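**Student:** So that we are looking at the same thing, I have put the structure below in structure tokens.
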Amino acid sequence: MARLVVISNRVAVPKARGAAGAQGGLAGALNAALKKHNGIWFGWSGQECDSFTGDISMQTSDGVTTATVDLPHQDVEEYYNGYANATLWPLFHYRLDLTEYERTTAKGYERVNEQFAESVAPLIEKDDLVWVHDYHLMPLGDRLRQRGLKNRIGFFLHIPWPPTRLFVSLPYHERLVKTLLSYDLIGFQTEEWLDSFMHYCRKELGADVDEATGRIAYDGTETVARAYPIGVDFDHLMNQLDTGTARQAAQRLSSSTRHRTAMIGVDRLDYSKGLPERIDGIGRFFDRNPDAVRQLVYIQIAPPSREDVESYQQIRTVLEQKTGQINGARSEVDIVPIRYVNRGHSLAELCGFYRVSKIGLVTPLRDGMNLVAKEYVAVQDPDDPGVLVLSRFAGAAQQLDGAVMVNPHSPDDLAHAIETALDMPLAERKARWESMIGTVRDDNVHQWTERFTHDLERVPC
Ligand code: G6P
């Protein structure tokens with residue numbers, strides 16, 4: 001089995017502090033892949049330095065070697081806070097209104113990709129498979145090729161690919177896509193994002209695109225693009241659910257909710273997650289069912305994210321206001337309808353919370369996949385499963401058809417979905433859950449890694 005070199009912006013450095021710690025679905029997924037392939041994981045340490053030195057800090061823990069570099073403040077501002085998170089992230093989540101187009105940040109993005117290539121290239125051996133992840137590092141494969149690397153290099157995009165009409169608003173969009181075509185294999189979360197990418201290549205670049213095989217021929221290069229829906233680490237989740245931490249968390253939540261049904265949402269505090277819209281939907285539900293404050297409690301876990309980016313500061317303020325308004329209007333001396341927690345929790349605790357929450361709300365406005373939806377389904381009690389309420393705009397909606405689907409923009413639709421979930425008879429809950437659990441269990445993260453690396457080893461290059 002070829003050694004795997006994974007390159008991503010965020011690296012789950014063991015015992016890292018602050019921003020360097022593992023967060024989001026990406027970190028857990030990659031750890032599993034690396035353990036299996038005895039690999040190296042290269043990326044940013046999450047730490048800042050005075051000027052870029054390229055010094056690599058290596059650590060091996062639990063079978064995974066991490067290799068990280070520090071970045072100067074200006075690089076973090078321009079590459080991470082700037083181009084990645086104030087240009088690409090909003091644009092790729094269809095939020096043109098929040099997308100900033102700045103030449104300086106675009107240059108910072110190019111510069112950091114160049115520096116990453118310079119630093120990681122000496123670590124890559126002849127037969128290694130190289131797997132680059134996510135929107136921060138789209139030009140990296142091209143920069144590695146410029147350094148003479150002949151290895152098979154794959155790229156996986158964890159977020160949506162926007163429709164061509166939106167994507168062309170990005171200055172130098174062709175340049176970015178042409179760099180992507182240096183990869184041997186490009187993976188997307190769903191067929192929908194894959195189709196948008198192929199449409200762009202055909203329409204804007206005039207590339208020769210074969211829909212059936214995913215082959216894209218352009219200017220003498222050939223690349224393959226396919227959908228690889230990411231999954232959860234199912235066995236790991238089961239192990240987490242079996243811990244004292246999970247049991248205590250479940251106990252803590254159920255005893256504090258007393259006779260009310262717990263409904264849970266777990267999201268990074270990000271505008272793509274549809275949190276204010278969700279709170280509006282919950283407000284509408286309580287307007288329609290004023291007595292339900294004694295029947296339902298909503299727990300929103302929303303750890304702050306990307307706090308140096310203005311749009312993230314704004315979403316936090318909006319959410320605090322909306323939550324405060326509903327709690328002010330609906331609370332009684334002994335009852336609060338929404339518990340809003342700005343803090344992250346361990347996976348074991350989350351498993352415990354999911355297990356006792358009879359409704360899981362996952363209502364992003366746009367999401368590449370959304371692993372919370374799959375985690376929620378994974379840890380339900382087979383004899384008494386909860387109901388997943390899922391946005392039709394999450395990538396996960398293309399697989400989890402047993403969920404109650406909602407349009408997250410519509411407060412009425414959300415309110416109605418909550419009513420449906422609350423009233424759903426056990427037989428229907430079981431039938432819906434049974435229709436999803438097979439996919440969640442079998443199309444897991446190991447299978448995802450296997451499929452991608454298997455194809456990467458075989459694509460013509
Ligand atoms: C999403 C992205 C990941 C990212 C994660 C957390 O899942 O696809 O690449 O790591 O969010 O965001 P952060 O900015 O904290 O790395």
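What follows is calculated from the coordinates using simple rules that are stated; it is not laboratory data. Being a predicted model, the structure only gives us computed values, none of them experimental. Using ideal geometry, Cβ is built from the backbone for each residue, glycine included, and neighbour counts are taken over all protein chains shown.
**Student:** Provide the packing ranking of 389-396, 244-251, 67-74, i.e. peptides ordered by the mean count of other C-beta atoms within 10 Å per residue, highest first.
**Tutor:** Averaged packing, sorted descending, gives the order 389-396, 67-74, 244-251.
**Student:** Which of the pairs K36/K430; K322/K358; K36/K150; K126/K178 have their Cα atoms more than 30 Å apart in this structure?
**Tutor:** K36/K430
**Student:** Tell me the Rg and the Dmax, in Å, that the Cα atoms of the chain produce.
**Tutor:** Rg and Dmax of the chain, Cα atoms, are 22.2, 71 Å.
**Student:** Turning to a different aspect of this structure: May I ask you to derive the FRET efficiency for T65 and R451 from their Cβ-Cβ distance with R0 = 25 Å, giving the value to the nearest 0.05?
**Tutor:** 0.60
**Student:** Counting only helical runs of four or more DSSP H residues, what would the 222 nm mean residue ellipticity of the chain come to if each run contributes -39,500 (n - 2.57) and the total is spread over all its residues?
**Tutor:** Rounded to the nearest 500, it is -12500 deg cm²/dmol.
**Student:** For S305, what residues show an amide H to amide H distance below 5 Å, using hydrogens built from the backbone and excluding near sequence neighbours?
**Tutor:** Close amide H contacts, sequence-distant or interchain: L269.
**Student:** Sorted by mean Cβ packing within 10 Å, highest first, what order do the peptides 353-365, 220-232 take?
**Tutor:** Most protected by this proxy first, the peptides run 353-365, 220-232.
**Student:** Relative contact order (percent) for the chain, with alpha-carbon contacts under 8 angstrom and 6 or more residues of separation?
**Tutor:** Result for the chain is 14 percent.
**Student:** Looking at the range 303-409 from every direction and averaging, what is the projected area of its Cα convex hull in nm²?
**Tutor:** 8.3
**Student:** So between R215 and S169, what do we pick up on full extension, going 0.36 nm a residue minus the alpha carbon distance?
**Tutor:** 14.0 nm
**Student:** Full extension from D127 to A227: what is 0.36 nm times the residue separation minus their Cα-Cα distance, to one decimal in nm?
**Tutor:** Result for the pair: 33.5 nm of gain on full extension.
**Student:** Taking H placed 1.01 Å from N in the peptide plane, check which residues at least 5 places from A225 or on another chain put their amide H under 5 Å from its amide H.
**Tutor:** Residues meeting the amide H criterion: I186, R215, I216.
**Student:** While we're looking at this one, here's another question. State the volume of the convex hull built on the alpha-carbon positions of the range 169-223, expressed per residue in Å³ and rounded to an integer.
**Tutor:** So the per-residue hull volume is 83 Å³.
**Student:** Now for a different question. Viscosity 1.306 mPa s, temperature 10 °C: give me the Stokes-Einstein translational D for the range 147-245 in µm²/s, with Rh taken as the Kirkwood radius over C-alpha pairs.
**Tutor:** Using the Kirkwood radius from Cα pairs, D works out to 105 µm²/s.
**Student:** Between N342 and T420, with labels modelled 7 Å along Cα→Cβ, what's the label distance in nm to one decimal, could you check?
**Tutor:** Label at N342, label at T420, 3.4 nm between them.
**Student:** List the residues whose amide H sits under 5 Å from the amide H of S391, counting only those 5 or more places along or on another chain, with H placed 1.01 Å from N in the peptide plane.
**Tutor:** V362, T363, V406
**Student:** Also, quick follow-up: List residues of the range 357-377, by number, whose backbone nitrogen lies under 16 Å from a label position 7 Å along Cα→C-beta of S410.
**Tutor:** 363-365
**Student:** I would also like to ask the following. Using only the alpha carbons of the range 58-182, what is the convex hull's orientation-averaged projected area in square nanometres?
**Tutor:** Average of the hull's projected areas for the range 58-182 equals 8.3 nm².
**Student:** A further question on this structure: Pull out the extension gain between M58 and R392, defined as 0.36 nm times the separation in residues minus the alpha carbon to alpha carbon distance; nm, one decimal.
**Tutor:** Contour length minus Cα-Cα distance gives 116.1 nm.
**Student:** Note down the relative contact order for the range 111-194 as a percent, whole number, built from C-alpha pairs under 8 angstrom at least six residues apart.
**Tutor:** Worked out over the range 111-194, it gives 32 percent.
**Student:** Here's something else I'd like to know. Relative contact order of the range 121-261: what whole-number percent is it, with Cα pairs under 8 angstrom and at least 6 residues apart?
**Tutor:** Relative CO of the range 121-261 lands at 19 percent.
**Student:** Turning to a different aspect of this structure: For the pair D334 and R202, how long in nm is the line joining their label points, each one 7 Å along Cα→Cβ?
**Tutor:** 6.4
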